[in-house]
Amino acid sequence: MSKLLIVESPSKAKTLKKYLGKDFEVLASYGHVRDLIPKTGAVDTEHDFAMKYEIIERNARHVDAIAKAVKAADAIYLATDPDREGEAISWHIAEILKSKKLIKDKILKRVVFHEITKSAVQHAIDHPRDIAMPLVNAQQARRALDYLVGFNLSPLLWKKIRRGLSAGRVQSPALRLIVERELEIEAFKSQEYWTIHMDSLKHQHAFDARLVQLDGKKVEQFTVTTQDQEREIVGRLLVASAGKTTVLRVEKKQKNRSPAAPFTTSTLQQEAVRKLGFTTSRAMRIAQQLYEGIDIGGGAVGLITYMRTDSFSMAAEAVMQIRDYIKKNFDADYLPQSPIMYKTKAKNAQEAHEAIRPTDITCTPTSLRAHLTPEQFRLYEMIWKRALACQMAPARFDAVSVDLAVGSDANLFRATGQTMIFPGFIAVYMESMDDAEEETEAKLPVLETGEVLEVQKIFGEQHFTEPPPRYSEASLVKVLEEYGIGRPSTYASIISTLQDREYVLLDKKRFTPTDVGRVVNKFLTEHFTRYVDYDFTANLENELDQIADGEREWVPVLDEFWQDFHRQISEKANIDRADMTHELTGEDCPKCGKPLSKRLGKFGMFIGCTAYPECDYIRNLNSGGDVRAEPSKIGIDPGTQKDILLMNGPYGPYLQLGLAVEGEKKKPKRVSIPKEIPLADVNLEIALKLVALPRDLGMHPVTGKRIVANLGRFGPYVNHDGKFKSIPRTDNVFDIDLDRAVELLAQANTGPAPIRELGEHPVEQGSVAIYAGRYGPYVQHGKLRATLQKSQAPETLTLEEAVELLAAKAAKEAPAKKSAVARKATPAKKKVAKKAAPKKTAAKKKATGT
């Protein structure tokens, strides 16, 4: 019997071919095969939300290949990814095949596996099922909701704010989180407070204690708020102590710390951001490679389980294998008596999948290092260690708390310390934390109640309260999951969309909303409050889960959403655009006396006269200066003794050293302010760094030629002997040193790293790979390059398609090369001086018709 297995990814197809016999042909759909038509009416709200689909153009040829293979097959197995998206892709493929009348009496079944191993794949083939329509309906409902919000709300943003903007059902609440955090930071007023400390000594062992009780009352954070208070209290305690302190209480107890649960999609993204410095999208891309299969010698093998999951559970066989590994490789104390079970805390979690874990714990990171790229190795190592640690014994600590009296029992200082007595899981893996202070392991001397110790000093430390931190990628993913906004598989795309739309900037790995992001959020929170509400978004996710579980029908859920949403869209059509983009400041124009307003311009927020265009007064919002007539002065450059001025140009704000002097040919130095530096942050320190560019880094150790660092049209770069290399985001144009610049230039000499290696050329020697070029992705073999067509995605391009592109490019270049060679081979004729012919007269021209 001829069998056809259909998967999503070509790399997964390659891995599966190894496990299946000759009876099976394995083809890839290359992701989604159909999507809604990109126009109004794709979701028919008048007829039960009927959805109009079309085949995605770039995948049409793969659909044709599947259809051709189906004709020759007796049984078709749909093995797309084991989630709602995968279920929907299987359903779309089945619908296309049915529309072509290719199924007839053939077997058509759905198979699901969460890891690409021989046993898992064989088990799935042996236990096929029908397509689960509740899962398909949940995905269709999600797609319809996203379409209805995008196609109806985005045009409104275009009319009321600016063209090219978009609003999304999930991205908008995420934007609200970032904007509201920024507003919290801006509204934050720092408060001064003091802590009182005492340094004591026993047998040359010094330790610190903190005041916790004063005059019989508990010391709170704001008990001491001024230096005068601190001096008075410290003085009083010094007199009361007379250089001695008495141990009033000693409490010893043992503390345990348990390991973190195995990875879900969310926690994997968070930890990859914190530990490895990856972006969420980069983490998911590498995880997919590990899941789909890596050639570790003897063929490709799936190294981890499916990476889109919100479950902490692991298969019993996997848990037993991990416990067996611990038993063989660690002392007996490291293995708990029974397996450790974990329960997810996230809202709307689906427990159908396993957590992310290695498919075989005996495949250690060290044993696979030679077969993995550096990025693959680092992520696999982290997944492997986390899975191993989750089944290990807790770490144990001896914790000590000591109260010390000064003068009387009414004044108490407290010292705490802890010592690790058994590392447990920490021997393998320790989870990172966001915005948390590192725990200190202060060691205290052995102390007994009633003991009198020497006081070295009593002193105060000044502190100021700090605003809440801006969200990092990791902390944003964490809060999205806690609120139940979106699904694990959508977090990376939510973050990418917010950045692509320039609603937020990622500065020093923290999100800051742009002026456009603020205005969009203001519009949505004021006029579509319900649809950016965190609970509403989470409840809608819950309803989608109920559809997936077969508890609700999808059409009534859509209808309930649409009725209210459509009414609001109609009501808000008459909003005045100025209400959204203008905000009165309460000031009068210094030029004409009319009111001034804060408004959104092409290059951000500025203050302008409401009488424009009759009055053209504008003021830069962040600098406070009139940027047309009177540039704002930031400070003086000590090198030139010229003013550093903040100006506004047609292409955005820039810095200028002094004003132009009439009659002087040399223009003042100008430096553009990079987009990643918020205008509000441009102070004298940053301005001096910018006007000091380009930076001379020194001489190249090999060539002896100068290397400079500078800012260009496409961002920061280093330049050496006419060769340029971009400075990556992990470095800084102001701080990069000579050694790092030499390292970057060496990378430039070896050529760019490929996006994807496609394999060896089937006819000629050498490999074929895809690279990112200035004008888009291209394939390269040897010196021959061919740009990908717009319909071709670098992620899905096959070796065969790449070879076709290269062949077409070679054929196109051949005639040009041939004629160039011919011209070179033909000897040039000697020039013979000829006597210039007399010019034709006008009469002769007319007669000859010239």
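Output the residues belonging to region 32-43 that are open to solvent by less than 40 Å² (accessible area, probe 1.4 Å) and in a strand (DSSP E or B). Scanning region 32-43 gives 36, 43.
Scanning region 229-281 for residues that are aliphatic (A, V, I, L, M) and touching a helix residue (DSSP H, G or I) at 6+ places or on another chain (Cβ under 6 Å) yields a total of 3.
All conditions in (1) without any contact (Cβ under 8 Å) to a residue 60 or more places away in the chain; (2) open to solvent by less than 30 Å² (accessible area, probe 1.4 Å) hold for residue 153, with the sole exception of (1).
Cβ-Cβ contacts under 7 Å between residues 6 or more apart (or on different chains), taken from a first residue in region 755-766 that is at positive phi to a second residue that is part of a loop (DSSP other than H, G, I, E, B) and among the small types (Gly, Ala, Ser), are listed as 766/782.
When residue 109 is tested against (1) open to solvent by less than 70 Å² (accessible area, probe 1.4 Å); (2) out of contact with any Leu (no Cβ under 8 Å at 6 or more places or on another chain); (3) within 27 Å of residue 302 (Cα to Cα), exactly one condition is not met: (2). When we screen 355, 393, 387, 410 for residues that are surrounded by 15 or more Cβ atoms within 10 Å (Cβ to Cβ) and closer than 30 Å to residue 446 by Cβ, the only hit is 393. Restricting attention to region 113-139, the residues being assigned to a helix (DSSP H, G or I), open to solvent by 10 Å² or more (accessible area, probe 1.4 Å) and closer than 23 Å to residue 43 by Cβ number 5.
Tell me, which residue of region 586-601 that is in a strand (DSSP E or B) and surrounded by fewer than 16 Cβ atoms within 10 Å (Cβ to Cβ) is modelled with the lowest pLDDT?
601
Of the numbered criteria (1) farther than 23 Å from residue 14 by Cα; (2) assigned to a helix (DSSP H, G or I), the one residue 104 fails is (2). Can you confirm whether residue 94 is open to solvent by less than 10 Å² (accessible area, probe 1.4 Å), closer than 27 Å to residue 555 by Cα, free of Cβ contacts under 8 Å to residues at least 40 places away in the same chain and small (Gly, Ala, Ser)? Considered against the rule, which asks whether it is open to solvent by less than 10 Å² (accessible area, probe 1.4 Å), closer than 27 Å to residue 555 by Cα, free of Cβ contacts under 8 Å to residues at least 40 places away in the same chain and small (Gly, Ala, Ser), residue 94 comes out as yes. Do you know which of the residues in region 477-495 that are modelled with pLDDT of 85 or more and open to solvent by 40 Å² or more (accessible area, probe 1.4 Å) is nearest to residue 538 (Cα to Cα)? Among them, the one singled out is 483. Of everything listed in (1) at pLDDT 90 or above; (2) under 28 Å from residue 556 (Cβ atoms); (3) under 34 Å from the mean Cα position of the chain (by Cα), the single unmet condition for residue 38 is (1). Here residue 90 passes the criteria (1) farther than 26 Å from residue 789 by Cα; (2) small (Gly, Ala, Ser); (3) part of a loop (DSSP other than H, G, I, E, B) except the one numbered (3).
Which of the residues belonging to region 364-384 are open to solvent by 10 Å² or more (accessible area, probe 1.4 Å), hydrophobic (A, V, I, L, M, F, W, C) and more than 21 Å from residue 312 (Cα to Cα)? Hits for region 364-384 are 370, 372, 377. Restricting the search to strands (runs of 3 or more DSSP E) fully inside region 602-689 and requiring at least 1 residues that are at pLDDT 80 or above gives 604-609, 632-637, 642-649, 652-657, 670-672. Taken together, the residues in region 554-585 that are open to solvent by 80 Å² or more (accessible area, probe 1.4 Å) and either in contact with a Ser or Thr (Cβ under 7 Å, 6 or more places away or on another chain) or in contact (Cβ under 8 Å) with a residue 40 or more places away in the chain (or both) amount to 4. Looking across region 166-205 at every residue that is buried (at least 21 other Cβ atoms within 10 Å of the Cβ) and among the polar types (S, T, N, Q), the one that is farthest from residue 544 (Cα to Cα) is identified as 200.
The values are calculated or read from the model by the stated rules, or taken from the named source; none is laboratory data. Every value quoted in this text rests on a predicted model; they were computed, and no experiment measured them. Reconstructed Cβ throughout: ideal geometry from the backbone, glycine too, with neighbour counts over all protein chains shown. Ligands, DNA and RNA are excluded from the accessible area calculation, which covers all protein heavy atoms including side chains. Shrake-Rupley method; radii C 1.70, N 1.55, O 1.52, S 1.80 Å.
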